[in-house]
Amino acid sequence: MSYVYSYTNRQNEEFAIGLNDSSSRLKTEAIEYQKLSNHHIKLANIMHSHNQFQACLILCDWALASMVKGLYIQKHHVVHPPKELTMNEILHIVHTDTEPGLDIALFIGTIQHMSSIEEFDQDRTLKPNNIEKLLQRTEEILEELENRLKNDIELK
């Protein structure tokens, strides 16, 4: 069968190239959010070591939000995720058939709330050991979500 070069065939080829570019851009954007998440958690560890607990919590919140946005991009095939996601959206993103995401969504919501408290008295409210546990749990969740993101990217 001979290939006839026509305007229609050229359009189909350009469309296919556009789809590949779009898919590649989505992967790149998702990976960039994952890298941003890693950057935030590294800074959170530094702030924790300097007893800057409120900054540590804010950075944990930012790390989790960045990772969820990366997953949002992968799941919804959009380049620009919403600035803020509702708890329902977060639950929908982190829940899978094999891993119920309610505990992760609740933890993310808790970190969001704790990081947004304006008048923060670290001496009475939070103990360094508790912040360390929150930081550790954040890192565990980020690792799990990062693995999901990487697996989704490899499958596509």
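Of the residues making up region 6-52, those that are modelled with pLDDT of 90 or more, over 18 Å from the mean Cα position of the chain (by Cα) and among the hydrophobic types (A, V, I, L, M, F, W, C) number 2.
Every residue, every condition in (1) surrounded by fewer than 11 Cβ atoms within 10 Å (Cβ to Cβ); (2) assigned to a loop (DSSP other than H, G, I, E, B); (3) modelled with pLDDT under 90; (4) among the aliphatic types (A, V, I, L, M), yes or no:
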site	(1), (2), (3), (4)
72	no, no, no, no
82	no, yes, no, no
99	no, yes, yes, no
106	no, no, no, yes
110	no, no, no, no
124	yes, no, yes, no
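Kindly provide the set of residues from region 38-53 that are farther than 15 Å from residue 133 by Cα and in contact with a Ser or Thr (Cβ under 9 Å, 6 or more places away or on another chain), ordered by number. Answer for region 38-53, where residues must be farther than 15 Å from residue 133 by Cα and in contact with a Ser or Thr (Cβ under 9 Å, 6 or more places away or on another chain): 38, 39, 40. The residue that is most open to solvent (accessible area, probe 1.4 Å), among those in region 40-54 that are in contact (Cβ under 8 Å) with a residue 12 or more places away in the chain and farther than 23 Å from residue 101 by Cβ, is 51.
Take the conditions at pLDDT below 95 and open to solvent by less than 50 Å² (accessible area, probe 1.4 Å) and apply them to residue 59. Does it pass? No; evaluated as a whole, the condition is false for this residue.
The values are calculated or read from the model by the stated rules, or taken from the named source; none is laboratory data. Because the structure is a prediction, the values reported are computed rather than measured. Note that we place each Cβ from the backbone using ideal geometry, even for glycine, and neighbour counts take in every protein chain shown. For accessibility, only protein heavy atoms count, side chains too; no ligands or nucleic acids. Shrake-Rupley method; radii C 1.70, N 1.55, O 1.52, S 1.80 Å.
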